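Worksheet for the structure shown next.
The values are calculated or read from the model by the stated rules, or taken from the named source; none is laboratory data. Everything numeric here is computed off the predicted structure, so don't read it as measured data. No Cβ is skipped: glycine too gets one built from the backbone with ideal geometry, and neighbour counts run over all protein chains shown.
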Amino acid sequence: MIECHGLQWGAGGRPLTPPVDLQLAAGSLTAVIGSNGSGKSSLLKVIAGLDRPLAGRIDLGVSLLGGVSYLPQQQHVDRQFPIRLAELVSAGFWRSRLGRDERRARLRQTLADWGLLDLQTQGLHALSGGELQRALLARLSLTDAQVLLLDEPEAALDDVGLGLLWRHIERWQREGRTLVLVSHNLAGLSHHHCDGLLIARSGCIKAPIRQFMAERQRLGQVA
Amino acid sequence: MTPDLLWAPFGEFAFMRRALLGGVALACSAGPLGVFLILRRMSLMGDAIAHGILPGAALAFWLFGLSLPALTAGGLVAGLGMAGAAAWVTRRTGLREDASLAALYPISLASGVLLLGLAGRKLDLLHLLFGSALAVDTATLYGMLGTALFSLAVLALSYRALALDSLDPLFLRSISRFGPLAHAAFLTLVVLNLVIGFQAIGALMVVGLMMLPAAAARFWSRRLLILLPLAALIGAVCVWLGLVLSFYASLPSGPCIVLLAGAFYLFSLVAGPVNGLLRSTPFPITV
């Protein structure tokens with residue numbers, strides 16, 4: 001669950017939108033859409049506690065640390081860092097209380113779920129963009145957080161990767177987790193049952209994503 | 001050179017044993033710190049901080065003479081002060097951190113030289129900058145051993161946070177508040193090692209012992225858990241062979257150690273299996 005009350009965010013003290021009130025239920029999936037620079041990624045960072053809001057408050061119903069997990073955009077990850085893929089994914093255990101054997105089994109299962117078993121000993125430098133993205137998503141899925149914030153999760157994924165992503169998203173929804181993702185792929189999103197949150201200077205609009213698709217012409221190129 | 005010759009100076013002279021023990025201890029902690037400096041894109045930070053130490057050490061020398069605790073405390077305060085000031089300027093003004101460091105360290109260096117002049121007593125500036133490993137007394141040796149043990153313990157405790165903070169800082173910040181603390185602890189260790197090292201091999205030479213083995217190790221492995229001990233090992237061997245060279249050739253010890261490390265770096269650059277010049281380089285090396 002995510003509740004925002006009078007939330008404003010932006011850089012340099014200038015809010016990007018009028019105050020926003022928002023309620024996202026547990027098990028819901030919300031796609032944040034909007035043009036470049038509208039503040040989609042910034043909103044995710046504010047909800048994740050990485051940036052401070054300019055005004056308002058956010059109630060997550062869970063502890064910020066451990067209750068929330070954040071998928072950063074790939075460019076924030078150092079591709080030349082000297083570790084292997086399995087070590088990157090294992091960082092998802094940061095707050096886990098599992099024993100060593102349980103971790104090993106869970107890691108193996110998660111790598112298999114994301115089609116990464118054969119790549120687990122590869123260095124990050126040798127991974128393609130799509131493989132790295134799947135590794136970051138596998139790390140996210142090890143965190144067991146109730147609130148999942150995904151900044152452009154579809155980036156660099158091929159059809160197989162996209163299939164894995166949406167299978168996991170649906171599973172996370174069934175488990176009652178709250179998902180918010182930033183996406184530019186309005187057409188792709190319209191195949192799934194999710195809400196859209198359009199961010200614009202005049203304010204935010206929340207509606208089923210198919211409605212945005214239907215009214216795309218009227219709204220202009222929003223995503 | 002037979003194995004006997006490589007060990008004879010240390011068997012014969014206590015000052016050589018102290019220099020070896022202290023230097024190896026320093027290499028064991030400075031090398032892994034250098035690896036993290038490179039991974040955190042802070043390679044020039046060590047050099048800037050080494051200059052930043054000087055005014056603190058000079059002031060301590062002016063007030064307390066050649067006292068190890070006073071020189072250490074003075075250097076520590078000045079080094080941390082400069083790192084903190086650079087970070088503060090960056091946060092408040094947006095000036096890049098390397099630029100604010102580059103602006104601050106000539107000020108520190110000039111202040112240090114001026115303070116030494118004002119002190120009116122003769123502390124050889126060359127000794128301060130380039131040191132003398134052969135003048136490591138028992139107190140300095142204990143300081144070096146203590147610093148090395150303390151550094152390795154803190155590095156082991158903060159290893160995961162430091163690694164993840166270098167690899168993916170946003171993800172670390174989303175799951176832990178330990179990142180800034182680990183960064184502060186890391187900077188303190190860098191300053192502490194530079195301070196304790198400058199008394200043995202000089203403020204400028206100790207940067208070489210920190211960075212050259214770390215940079216050389218990068219050409220031999222792509223695994224962090226190998227790079228860390230490898231940098232320590234390269235540094236330790238260079239200390240040993242550098243002291244031997246300095247003993248037989250009657251050369252200053254600090255430059256001998258650093259030049260050996262430099263020679264190994266150049267060899268690694270050419271022959272190293274990871275992106276060495278003799279290998280094809282499919283990826284641009286950035287760390």
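Points worth noting:
- Residue check, A:Leu7 out of contact with any helix residue (DSSP H, G or I) (no Cβ under 8 Å at 6 or more places or on another chain) and in a strand (DSSP E or B): no
- Any chance B:His127 is within 18 Å of the chain's Cα centre (by Cα), of a type outside the set (Val, Ile, Thr), at pLDDT below 90 and under 23 Å from B:Leu227 (Cβ atoms): no
- The residues in segment A:163-212 that are part of a strand (DSSP E or B) and within 15 Å of the chain's Cα centre (by Cα) can be counted, and the count is 8.
So that you can scan it fast, the table gives a plain yes or no per residue for (1) closer than 18 Å to B:Phe186 by Cα; (2) part of a helix (DSSP H, G or I); (3) free of Cβ contacts under 8 Å to residues at least 12 places away in the same chain:
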position	(1), (2), (3)
B:Ala48	yes, yes, no
B:Leu59	no, yes, no
B:Leu66	no, no, no
B:Met82	yes, yes, no
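- The residue that is farthest from A:Ile199 (Cα to Cα), counting only those in segment A:19-28 that are free of Cβ contacts under 8 Å to residues at least 40 places away in the same chain and in a strand (DSSP E or B), is A:Gln23.
- Pairs with Cβ under 8 Å, 6+ apart, first in segment B:139-168 and more than 12 Å from chain A (Cβ to nearest Cβ) and part of a helix (DSSP H, G or I), second among the β-branched types (Val, Ile, Thr) and buried (at least 17 other Cβ atoms within 10 Å of the Cβ): B:Thr140/B:Ile196; B:Gly143/B:Thr72; B:Gly143/B:Ile196; B:Met144/B:Val136; B:Met144/B:Ile196; B:Thr147/B:Ile196
- In segment A:29-45 there is no residue matching the filter, namely being touching a residue at least 24 places away in the same chain (Cβ under 8 Å), within 14 Å of chain B (Cβ to nearest Cβ) and in a strand (DSSP E or B).
- Among the candidates A:Gln109, A:Gln133, A:Gln122, residue that is away from chain B (no Cβ under 14 Å), polar (S, T, N, Q) and out of contact with any Ser or Thr (no Cβ under 9 Å at 6 or more places or on another chain): A:Gln109
- Residues located in segment A:57-74, provided they are within 18 Å of A:Ala26 (Cβ to Cβ), more than 9 Å from every other protein chain (Cβ to nearest Cβ) and without any contact (Cβ under 8 Å) to a residue 60 or more places away in the chain: A:Ile58, A:Asp59, A:Ser63
- Single condition B:Gly276 does not satisfy, out of (1) under 29 Å from B:Asp165 (Cβ atoms); (2) within 14 Å of chain A (Cβ to nearest Cβ); (3) over 21 Å from the mean Cα position of the chain (by Cα): (2)
- Applying the set (1) surrounded by fewer than 16 Cβ atoms within 10 Å (Cβ to Cβ); (2) within 14 Å of another protein chain (Cβ to nearest Cβ); (3) in a loop (DSSP other than H, G, I, E, B) to A:Gly49 leaves exactly one unmet item: (1).
- In segment B:184-227, the residue that is nearest to the other protein chains (Cβ to nearest Cβ) out of those that are assigned to a helix (DSSP H, G or I) and of a type in the set (S, T, N, Q) is B:Asn193.
- Tally of residues being within 10 Å of chain B (Cβ to nearest Cβ), part of a helix (DSSP H, G or I) and either modelled with pLDDT of 95 or more or buried (at least 17 other Cβ atoms within 10 Å of the Cβ) (or both) across segment A:75-92: 5
- Residue match in segment B:33-45 (condition: buried (at least 22 other Cβ atoms within 10 Å of the Cβ), part of a helix (DSSP H, G or I), touching a residue at least 40 places away in the same chain (Cβ under 8 Å) and among the aromatic types (Phe, Trp, Tyr)): yes
- Test result for A:Trp114, of a type in the set (Phe, Trp, Tyr), buried (at least 19 other Cβ atoms within 10 Å of the Cβ) and within 12 Å of another protein chain (Cβ to nearest Cβ): no
- Restricting attention to segment B:132-153, the residues being modelled with pLDDT under 90 and closer than 15 Å to B:Leu20 by Cβ number 8.
- Taken over segment A:67-112, the residue count meeting the criterion of being farther than 21 Å from A:Gly161 by Cα and not aliphatic (A, V, I, L, M) is 16.
- First in segment B:267-286 and at pLDDT below 90, second anywhere and of a type in the set (Asp, Glu) and in a loop (DSSP other than H, G, I, E, B), Cβ under 9 Å, 6 or more apart: B:Thr286/A:Asp78
- The listed residue being under 13 Å from B:Phe198 (Cα atoms) and modelled with pLDDT under 95, out of B:Ala50, B:Ala14, B:Ala8, B:Ala30: B:Ala50
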